[in-house]
Amino acid sequence: MKHQSWFNEGMQSLVIRPLVEQDLARHAAIMGDEAVVRYLYEESLSLNDAEAHLARRLAAGSAEPGEWRNFAVDLGGHLIGEVGFVLNSATHREAEVGYFFDPAFGGRGFATSVVATVVDWCFSELRAHRVVGRLDARNQRSALLLERLRFTVEGRFRENEFVKGEWTDELVYAVLEHEWEVVRPTLTTLVPVVFHVKHPDLPTE
């Protein structure tokens, strides 16, 4: 299935596609960047570590609740980041999004456009009632991205995770289905994105 969002003529489109083994070199370069992994669970990865990390992210097909599905973000054949989603609960219809991007491609609206497309897909195809984002409270750029998409801060969990030798706070953001229906028409300046993904076989609990 091709899910197309905010396609404006005259602009180069981003493509969200399945990750493949041939993405290793770029995956390793991005995940080897200290600035990228600063607020992730992983340390910067060597090529060998990145190969194993990528292999775990190649899963495709139907996902059970709690299983992430991750995708490449491609610009003109060049991997510039990755984005993923998970259905936390089929009963409660809660999905979650996650993402990381090469800082060299920052400041051009790419990350915001990609995340907006995945959020939109979660509502339209996964039939989510709410979509959440969880992040290290120090990650201001990620927080600003979600706030641009009108996510609401629902809570700050103080020192709830011990990551890389230190206690860290976590922020939880969310947007509800009826809120997204209001937000979506206002997103008129996004970079066009095409999401190549099969229609999901929705899991049940």
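The table below lists the values:
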| item | result |
| --- | --- |
| Residue in segment 119-127 that is surrounded by fewer than 21 Cβ atoms within 10 Å (Cβ to Cβ), of a type outside the set (A, V, I, L, M) and in contact with a Ser or Thr (Cβ under 9 Å, 6 or more places away or on another chain) present | no |
| Lone qualifier among E154, E170, E159, E147 - being part of a helix (DSSP H, G or I), within 27 Å of H92 (Cβ to Cβ) and not hydrophobic (A, V, I, L, M, F, W, C) | E147 |
| Test: S113 is buried (at least 17 other Cβ atoms within 10 Å of the Cβ), closer than 27 Å to L45 by Cα and in contact with a Gly (Cβ under 9 Å, 6 or more places away or on another chain) | no |
| Within segment 173-199, considering residues that are part of a helix (DSSP H, G or I) and among the β-branched types (V, I, T), the one surrounded by the most Cβ atoms within 10 Å (Cβ to Cβ) | V183 |
| Scan of segment 135-144 for residues that are in contact with a strand residue (DSSP E or B) (Cβ under 7 Å, 6 or more places away or on another chain) and either assigned to a loop (DSSP other than H, G, I, E, B) or without any contact (Cβ under 8 Å) to a residue 24 or more places away in the chain (or both), ordered by number | A137 |
| Some residue of segment 109-121 being assigned to a strand (DSSP E or B) and over 19 Å from P185 (Cβ atoms) | no |
| Residue check for S44: assigned to a loop (DSSP other than H, G, I, E, B), without any contact (Cβ under 8 Å) to a residue 60 or more places away in the chain and polar (S, T, N, Q) | yes |
| Residues of segment 86-109 that turn out to be within 12 Å of the chain's Cα centre (by Cα) and either of a type outside the set (F, W, Y) or modelled with pLDDT under 95 (or both), as a count | 5 |
| E96, sole failed condition from (1) in a strand (DSSP E or B); (2) in contact with a Leu (Cβ under 6 Å, 6 or more places away or on another chain) | (2) |
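Yes/no per residue for (1) at pLDDT below 95; (2) farther than 15 Å from H129 by Cα; (3) polar (S, T, N, Q):
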position: E154; (1), (2), (3): no, yes, no
position: F162; (1), (2), (3): no, yes, no
position: D169; (1), (2), (3): no, yes, no
position: V172; (1), (2), (3): no, yes, no
position: V182; (1), (2), (3): no, no, no
position: T189; (1), (2), (3): yes, yes, yes
position: V194; (1), (2), (3): yes, yes, no
position: K198; (1), (2), (3): yes, yes, no
position: E205; (1), (2), (3): yes, yes, no
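The values are calculated or read from the model by the stated rules, or taken from the named source; none is laboratory data. The model shown is predicted, which means the values in this text are computed figures rather than measured ones. All Cβ positions, glycine included, derive from the backbone under ideal geometry; neighbour counts span all protein chains shown.
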